[in-house]
Amino acid sequence: MLAAGLVPVAVARALAPPAVTVLPVRPGRTLGGVLVAEYGEGSTLRYSELIVFSGLAWHRGRVGLCVSHIVVDDSTSLTGGRELWGLPKELAEFRWRDGHRAVEVHGREGSLLRMRAEPAAGGAAARGLTLRTPAPFFGVGPVGTTRWTPGHGVLGVVLAIVRLDLPPGSPLAALGLVPFRRGLWGRADLTVPAPRLR
């Protein structure tokens, strides 16, 4: 499930790796979002993951998303995310419902979010889309260096009305994300290669 939206540039700058430049997509706003996924058969590991993108950024000729929060329910994924990609992974509990159309995520500090996708009715988009998409992102490397990973994937998705609830006590609420009304729900085949130091 993916809910993209707008984040205040000032918030994104405070959360981004120090060396990157946050790119506005509207005056005072950058592109952010929330992705919740369960990796199953065919994946290197089987686990659930919540990724929060705080902004779109540029660094040394590369564009990518900044990952401000990321939680998983697998300790091996946590270790790999921190050591290989420089991502701030933490452990959390995922409660999936309704054929993976709804999820609640609980971390150390309590409820992080509730999210639900209702496929939009009518039109070709409701029957499904196949999208080949880049998914590059930045992480923090050793001694403050910046890691850039040229992720990419193939998405088999439908347009959906995504309802995102960030409880007031959730650390994600401070992001100030205003999601677009439409998001995506479906399957993804993602490839995340080794990062490059920038």
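Which of (1) part of a helix (DSSP H, G or I); (2) under 24 Å from residue 183 (Cβ atoms); (3) at pLDDT below 95 is the odd one out, the single condition residue 68 does not satisfy?
Answer for residue 68: the failing condition is (1).
Could you grab me the full set of residues in the stretch 172-181 that are at pLDDT 90 or above and either farther than 16 Å from residue 51 by Cβ or out of contact with any Ser or Thr (no Cβ under 8 Å at 6 or more places or on another chain) (or both)?
Pass one, the stretch 172-181, residues at pLDDT 90 or above: 172-180.
Within the stretch 172-181, 172, 173, 174, 176, 177, 178, 179, 180 qualify.
Anything in the stretch 34-54 that is at negative phi and among the small types (Gly, Ala, Ser)? List them, or say none.
37, 40, 43, 48, 54
Considering every residue within the stretch 50-59, establish whether at least one is in contact with a Lys or Arg (Cβ under 8 Å, 6 or more places away or on another chain) and either aliphatic (A, V, I, L, M) or at pLDDT below 95 (or both). It would help to see each step written out before you state the result.
From the stretch 50-59, those in contact with a Lys or Arg (Cβ under 8 Å, 6 or more places away or on another chain) are 55, 59; that's our starting set.
Cutting the leftovers down to either aliphatic (A, V, I, L, M) or at pLDDT below 95 (or both) gives us none.
No: zero hits.
State whether one or more residues within the stretch 55-64 are surrounded by fewer than 22 Cβ atoms within 10 Å (Cβ to Cβ) and touching an Asp or Glu at 6+ places or on another chain (Cβ under 8 Å).
No - not one qualifying residue is present in the stretch 55-64.
Could you identify the single residue in 166, 175 that is in contact (Cβ under 8 Å) with a residue 40 or more places away in the chain, closer than 24 Å to residue 120 by Cα and surrounded by 13 or more Cβ atoms within 10 Å (Cβ to Cβ)?
Numbers: 175 fails: closer than 24 Å to residue 120 by Cα.
One residue alone meets the criteria, 166.
Out of curiosity, is residue 90 closer than 20 Å to residue 15 by Cβ, assigned to a strand (DSSP E or B), of a type outside the set (Phe, Trp, Tyr) and out of contact with any Phe, Trp or Tyr (no Cβ under 8 Å at 6 or more places or on another chain)?
Working: closer than 20 Å to residue 15 by Cβ: yes; assigned to a strand (DSSP E or B): yes; of a type outside the set (Phe, Trp, Tyr): yes; out of contact with any Phe, Trp or Tyr (no Cβ under 8 Å at 6 or more places or on another chain): yes.
Against the criterion (closer than 20 Å to residue 15 by Cβ, assigned to a strand (DSSP E or B), of a type outside the set (Phe, Trp, Tyr) and out of contact with any Phe, Trp or Tyr (no Cβ under 8 Å at 6 or more places or on another chain)), residue 90 qualifies.
Considering each of 198, 132, 163 in turn, give the residue that is at pLDDT below 90 and basic (Lys, Arg). Walk me through how you get there before you give the answer.
Details: 132 fails: at pLDDT below 90; 163 fails: at pLDDT below 90.
On inspection, the qualifying residue turns out to be 198.
May I ask you to list the residues in the stretch 157-178 that are more than 14 Å from residue 105 (Cβ to Cβ), in contact with a strand residue (DSSP E or B) (Cβ under 9 Å, 6 or more places away or on another chain) and not in a strand (DSSP E or B)?
Result: 175, 176, 177.
Among the residues of the stretch 105-129, count how many are of a type in the set (A, V, I, L, M, F, W, C) and either at pLDDT 90 or above or in contact with a helix residue (DSSP H, G or I) (Cβ under 8 Å, 6 or more places away or on another chain) (or both).
The initial filter retains those residues of the stretch 105-129 that are of a type in the set (A, V, I, L, M, F, W, C), namely 105, 112-113, 115, 117, 120-121, 124-126, 129.
From what is left, the residues that are either at pLDDT 90 or above or in contact with a helix residue (DSSP H, G or I) (Cβ under 8 Å, 6 or more places away or on another chain) (or both) are 105, 112-113, 115, 117, 120.
Count: 6.
Looking only at the stretch 1-54, filter to residues that are of a type in the set (Asp, Glu) and in contact with a Phe, Trp or Tyr (Cβ under 9 Å, 6 or more places away or on another chain); which one of those is surrounded by the fewest Cβ atoms within 10 Å (Cβ to Cβ)? Outline the logic, then answer.
Going through the stretch 1-54, the residues of a type in the set (Asp, Glu) turn out to be 38, 41, 49.
Narrowing further to those that are in contact with a Phe, Trp or Tyr (Cβ under 9 Å, 6 or more places away or on another chain): 38, 49.
Details: 38: 15, 49: 21.
For the stretch 1-54, the residue satisfying everything is 38.
Name, by its number, the condition in (1) surrounded by fewer than 21 Cβ atoms within 10 Å (Cβ to Cβ); (2) assigned to a helix (DSSP H, G or I) that does not hold for residue 81.
Result: residue 81 passes all but (1).
Could you check the stretch 142-160 and list, in sequence order, the residues that are under 30 Å from residue 20 (Cα atoms) and modelled with pLDDT of 80 or more?
So the first thing to find is which residues in the stretch 142-160 are under 30 Å from residue 20 (Cα atoms), and the list is 142-155.
Across the stretch 142-160, the qualifying residues are 145, 146, 147, 148, 149, 150, 151, 152, 153, 154, 155.
Only one residue in 56, 6, 45, 50 is farther than 24 Å from residue 168 by Cα, in a strand (DSSP E or B) and either in contact with a strand residue (DSSP E or B) (Cβ under 8 Å, 6 or more places away or on another chain) or without any contact (Cβ under 8 Å) to a residue 24 or more places away in the chain (or both). Which one? Steps first, answer last, please.
On the way: 6 fails: farther than 24 Å from residue 168 by Cα; 45 fails: in a strand (DSSP E or B); 50 fails: farther than 24 Å from residue 168 by Cα.
Exactly one residue qualifies, and that residue is 56.
The values are calculated or read from the model by the stated rules, or taken from the named source; none is laboratory data. This structure is a prediction, so every number in the text was calculated from the model and none was measured. Every residue, glycine among them, receives a Cβ derived from its backbone with ideal geometry; neighbour counts consider all protein chains shown.
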